[in-house]
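The values are calculated or read from the model by the stated rules, or taken from the named source; none is laboratory data. Only a predicted model underlies this, so the values are computations on that prediction, with no experimental measurement involved. With ideal geometry, Cβ positions are generated from the backbone for all residues, glycine too; neighbour counts draw on all protein chains shown. Accessible surface is based on the protein model in full, side chains and every heavy atom, while ligands, DNA and RNA are left aside. Shrake-Rupley method; radii C 1.70, N 1.55, O 1.52, S 1.80 Å.
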Number of protein chains: 2
Amino acid sequence: MDQLASRIERTSHSGLDKLFAPAQPNQIIFSAGYPDPALFPKDALDRATQHVFSQGQDKLLQYNTAAGLPALRQKLADKMAQKDGIHTDTDHIMLTQGAQQAIDLTARLMLNKDDGLVVEGPTYIGALAAFQAYEPTFYEIPMAEDGMDMDNLEAVLKEHAVKMIYTVPDFQNPTGVVMSLEKRQRLIDLANRYDVIILEDGTYRDLRYDGENLPTVKSLDTQSRVIYVSSFSKIIAPGLRMGWLTADDNLYRDILALKSGADIESSNLMMSILNAYLDENDLQKHIQIVCDNYREKKNAMLDAMAKYLPSQARYTKPEGGFFVWLTMPEDFNMADFLDKQLVPQTGVRFTPSTNLFPSGTIQNGARINFTGESIANIERGIQELGQTLTAAWKEQAAYVEAD
Amino acid sequence: MDQLASRIERTSHSGLDKLFAPAQPNQIIFSAGYPDPALFPKDALDRATQHVFSQGQDKLLQYNTAAGLPALRQKLADKMAQKDGIHTDTDHIMLTQGAQQAIDLTARLMLNKDDGLVVEGPTYIGALAAFQAYEPTFYEIPMAEDGMDMDNLEAVLKEHAVKMIYTVPDFQNPTGVVMSLEKRQRLIDLANRYDVIILEDGTYRDLRYDGENLPTVKSLDTQSRVIYVSSFSKIIAPGLRMGWLTADDNLYRDILALKSGADIESSNLMMSILNAYLDENDLQKHIQIVCDNYREKKNAMLDAMAKYLPSQARYTKPEGGFFVWLTMPEDFNMADFLDKQLVPQTGVRFTPSTNLFPSGTIQNGARINFTGESIANIERGIQELGQTLTAAWKEQAAYVEAD
C-alpha cells in the first residue's frame with residue numbers, strides 16, 4: 001500500500017520486535033535488555049498494591065493529569081536532587097511509559113523531517129526506532145572507551161545543522177561505556193556554542209557495580225538545554241512501564257502537550273502503586289541488592305569471555321549497566337553469524353551491530369546482555385558463543401586465504 | 001525557541017490539558033469525559049490484582065511483547081466477534097494506552113505532513129491533539145443527526161487527496177450522534193471508491209442506554225481498510241489506561257513496529273490485572289450496571305435542559321455515550337461565555353466548540369458531559385448554566401439591538 005506515511009519505510013525494520021520475540025525452550029537470550037525477574041520486588045509491590053486498593057480511594061482508577069501523580073513527581077525531584085545533581089521541581093517532571101516514551105516525545109518535540117540528529121554509534125536500538133518515526137538525518141559519532149569522540153562531534157556540528165544530540169552517558173546501551181567528566185563538560189560547551197538540545201538518557205545510571213558515579217550532563221547544564229529521561233524498568237521492573245522526563249520551562253510545557261496527545265496520561269493505578277512502593281521501601285537498598293547480583297553476573301560473563309572467545313574478539317569491561325560490547329575484525333558479519341550459525345547451532349542470541357547504527361554499515365559488533373540469564377546460562381551461553389565464533393572465524397579466515 | 005519541530009505550533013494549543021485541570025471545590029465539571037468513579041469495579045479489580053500477584057509468576061513484572069498479553073488479546077477477539085461483528089484473531093489485535101494511543105499510532109502510520117485527513121465537525125478533542133502532531137490538512141465534515149453529511153464527504157473526496165477518515169460512529173464525541181446504517185454503508189463505499197483508510201473509534205459503543213446497536217463500520221469492511229480502536233476507560237476505568245486496536249495484514253504489522261518505538265509495549269502487570277478481572281467477572285453484566293446508571297444521569301440532564309435552558313438553545317438527545325451537544329445561535333461565543341461569565345459566576349465548566357473543530361471557527365457549540373457528576377450536581381449545574389446562559393443571551397440581544 002503506497003498510501004502509508006513515508007516514515008514506515010524506516011520504522012518497519014527497526015529490529016526491535018526481534019529482541020522481545022518469545023524465547024524457545026533452551027534458548028539463551030543475550031539479545032534483549034531483560035532484568036533478572038528473580039530480583040523484581042514482587043512481594044513489596046503486592047503489598048503496596050493492596051494498600052492503595054484498601055485506602056478506598058475511588059479516584060485511584062480515575063484520570064489523573066498528563067504530568068502524572070504529584071506525590072510521585074515529588075519523589076523523583078528528591079531522588080534527582082540527591083543522586084543526580086539535578087535540581088528541579090514537580091512542575092517540570094512528568095511520568096512516561098518507560099524512558100522509551102520520553103525519548104519518543106522528545107523526538108516529537110524537536111524533529112522535523114530531515115532535521116539533523118546526532119547519536120552515538122552504536123546506540124540504543126529503541127531510541128533509533130523512536131527517532132526513525134520522525135525521519136531525521138542521522139549523524140553517528142564513534143564511541144571511544146570514554147564516550148563519544150568529541151572532535152568528531154565538533155566537526156559534525158561545525159559542518160551540519162544539528163538540532164539534538166542523544167546520549168547515554170552512563171553505562172551506554174549497547175557498549176557499557178561511561179562518558180568521562182571532561183567529555184561531559186565538552187559536550188555541554190559544544191551544545192551551548194552550536195545551540196543544540198541534548199537528550200540525556202540515564203536509564204542505567206543507578207546500576208553501577210564498581211567505581212564512582214560522575215555528574216549527570218544535566219547537572220552541568222546552565223542553559224536549560226538538557227532534557228533528562230530515565231526509567232524504573234531496570235531498577236524495579238519493566239512490567240510497570242514507568243519512566244520519567246525532566247526539562248525546563250517551555251520545553252517541558254510543550255512536551256506535556258505532546259504527552260496528552262500521545263496517550264492522555266500514564267496509568268493512575270500504576271503511578272499509585274509505584275508511589276506506595278517507594279513510600280514503604282528503601283529504593284536505594286533495593287538498588288544495592290540488584291547491583292550486587294548484576295556485578296556477579298557481569299564478572300561471570302567477563303570471565304567466560306576471557307576463557308572462551310577467540311583471540312580476535314575485543315570486548316568492553318563495563319562498570320555497570322546491562323551490556324558488554326563485543327567486536328570482531330571489520331570484515332566479520334555478526335548478523336550473518338547470528339542467523340546462520342549461532343542460533344541454529346546453539347540457540348544463543350545477541351543483538352548484532354547492524355541494528356544499532358542508523359547507517360546499518362557496521363557489521364562486526366554485538367550487544368551482549370548479562371542481566372537476564374542465570375550465571376549457569378551465562379557460562380554455558382558464552383562457551384557456546386565462543387566455540388561457534390572460533391569455528392566461524394577459522395572458516396572465514398580459511399576461505400579468505402583460499403580465495 | 002525557534003528550534004522546535006513545526007508541529008509544536010499546533011500541539012501546544014489543543015486545549016486538552018484544560019479538560020483535565022484539577023477541579024476547584026464546588027466546581028461542576030461537565031467539560032471532561034470522566035466516568036463516574038462510584039461505578040469503577042474497585043473490589044473486583046483488587047481481587048484480580050491479588051490473584052495475579054499470588055500466582056507467583058516472576059514474569060508478571062517482566063517485559064511482555066509489543067502486541068500485549070496473548071490471553072487478553074484472545075478475550076478481545078471473542079468480544080469483538082460477539083458484540084461488534086468483527087472477526088479477527090490475536091495476531092491482529094494489540095493493547096494500547098487507551099484508545100488515545102491507538103489513534104496516535106494510526107495517525108503515525110498514515111500521515112505525512114499536509115496529507116488530507118477527514119474528521120467529523122465537531123470531533124473528539126483528543127483525536128485532534130493526536131492528529132495535530134502529524135500536521136495534516138484537515139477537512140471537516142458537518143455532523144447531521146444521523147452522522148456525517150455524506151454528500152459533503154463525497155464532494156471533499158472528489159476534490160482533495162484524502163488518506164484517512166476518522167469517525168466515531170457510535171455516540172459520537174462530542175455530539176452523542178449515532179451514524180445510521182445507510183451512512184455506514186455509504187462511508188465504506190466512498191472509502192473503497194476513493195481508496196481511503198477509515199479509523200473507527202468505538203470507545204462509546206458499549207454504552208447504549210436506549211435502542212439497538214448498529215453494525216460497526218469495520219464489520220462492513222470487505223477491503224481491510226478499516227482500523228478499529230476502542231478502550232476500557234469508559235466501561236471499566238480510565239486509571240488502567242487500557243485500550244486496543246485491530247487492523248488487518250500489513251497495516252497491523254506496521255502499527256506494531258510503531259508501538260515498539262513509541263513505548264515498547266503496554267504494562268504487563270496492568271494487562272495481567274485486566275485479564276484476571278475479565279476471567280473472574282462478567283463484563284457484560286458490569287456494563288449493564290454502568291448503562292443503567294448513565295441512563296438515569298442522561299435523562300436527568302435532558303430534563304434539566306428542557307427546564308432551564310433558554311429557548312434559543314438546541315441540544316442533542318443521545319441514546320448512549322457520554323455527551324450532549326448544545327448549540328446557541330451562530331453569533332453566540334461559547335468560549336467567551338464560559339471564561340467570562342459561567343466559570344466566574346458559577347464554577348460550572350463545559351468544553352466550548354472552538355476546541356472541537358480543527359478550523360476553530362465554529363463558536364456557538366458546547367460539549368456537556370453527563371456521566372462524571374452526581375444527579376444532584378447535574379441538576380444544579382444545568383440550572384446554573386441555564387440561568388447564566390439566559391442572562392448572557394439577553395444581554396447580547398439587547399446589545400445587538402442597541403448597536
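One table, with the values for the structure above:
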item: In region B:164-182, residue farthest from the other protein chains (Cβ to nearest Cβ) [restricted to those that are surrounded by 22 or more Cβ atoms within 10 Å (Cβ to Cβ) and outside any loop (DSSP other than H, G, I, E, B)]; result: B:Thr167
item: Residue check, A:Tyr209 touching a Cys at 6+ places or on another chain (Cβ under 9 Å) and assigned by the TED database to the domain that holds A:Gln97; result: yes
item: Options A:Thr371, A:Thr346, A:Thr361; residue that is of a type in the set (S, T, N, Q) and within 19 Å of A:Gly121 (Cβ to Cβ); result: A:Thr361
item: Residue match in region A:326-336 (condition: touching a helix residue (DSSP H, G or I) at 6+ places or on another chain (Cβ under 7 Å) and assigned to a helix (DSSP H, G or I)); result: yes
item: The lone exception for A:Leu128 - which of (1) buried (at least 20 other Cβ atoms within 10 Å of the Cβ); (2) free of Cβ contacts under 8 Å to residues at least 12 places away in the same chain it fails; result: (2)
item: First in region A:302-325 and among the small types (Gly, Ala, Ser), second anywhere and open to solvent by 60 Å² or more (accessible area, probe 1.4 Å), Cβ under 6 Å, 6 or more apart; result: A:Ala304/A:Glu379
item: Qualifying residues in region A:312-325 (those that are outside any loop (DSSP other than H, G, I, E, B) and not aromatic (Phe, Trp, Tyr)) - the one surrounded by the most Cβ atoms within 10 Å (Cβ to Cβ); result: A:Val324
item: Selected residue [within 23 Å of A:Ile264 (Cα to Cα), open to solvent by 40 Å² or more (accessible area, probe 1.4 Å) and over 17 Å from the mean Cα position of the chain (by Cα)] from B:Lys113, B:Lys158; result: B:Lys113
item: Near pairs, Cβ below 6 angstrom, 6+ apart or cross-chain, from region A:43-60 (under 14 Å from A:Tyr277 (Cβ atoms) and more than 7 Å from chain B (Cβ to nearest Cβ)) to any residue that is small (Gly, Ala, Ser) and part of a helix (DSSP H, G or I); result: A:Ala48/A:Ala276; A:His51/A:Ala276; A:Val52/A:Ser272; A:Val52/A:Ala276
item: Of all residues making up region B:345-379, the number that are surrounded by fewer than 17 Cβ atoms within 10 Å (Cβ to Cβ), out of contact with any strand residue (DSSP E or B) (no Cβ under 8 Å at 6 or more places or on another chain) and under 20 Å from B:Ile29 (Cα atoms); result: 4
item: Criterion violated by A:Ile382 - all others in (1) at pLDDT 95 or above; (2) out of contact with any Phe, Trp or Tyr (no Cβ under 8 Å at 6 or more places or on another chain); (3) surrounded by 21 or more Cβ atoms within 10 Å (Cβ to Cβ) satisfied; result: (2)
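Residue by residue, here is whether (1) more than 26 Å from A:Leu199 (Cα to Cα); (2) assigned to a helix (DSSP H, G or I); (3) of a type outside the set (A, V, I, L, M); (4) in contact with a Leu (Cβ under 8 Å, 6 or more places away or on another chain) holds:
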{"residue": "A:His13", "(1), (2), (3), (4)": "no, no, yes, no"}
{"residue": "A:Ala38", "(1), (2), (3), (4)": "yes, yes, no, no"}
{"residue": "A:Gln82", "(1), (2), (3), (4)": "no, yes, yes, no"}
{"residue": "A:Leu95", "(1), (2), (3), (4)": "no, no, no, yes"}
{"residue": "A:Arg108", "(1), (2), (3), (4)": "no, yes, yes, yes"}
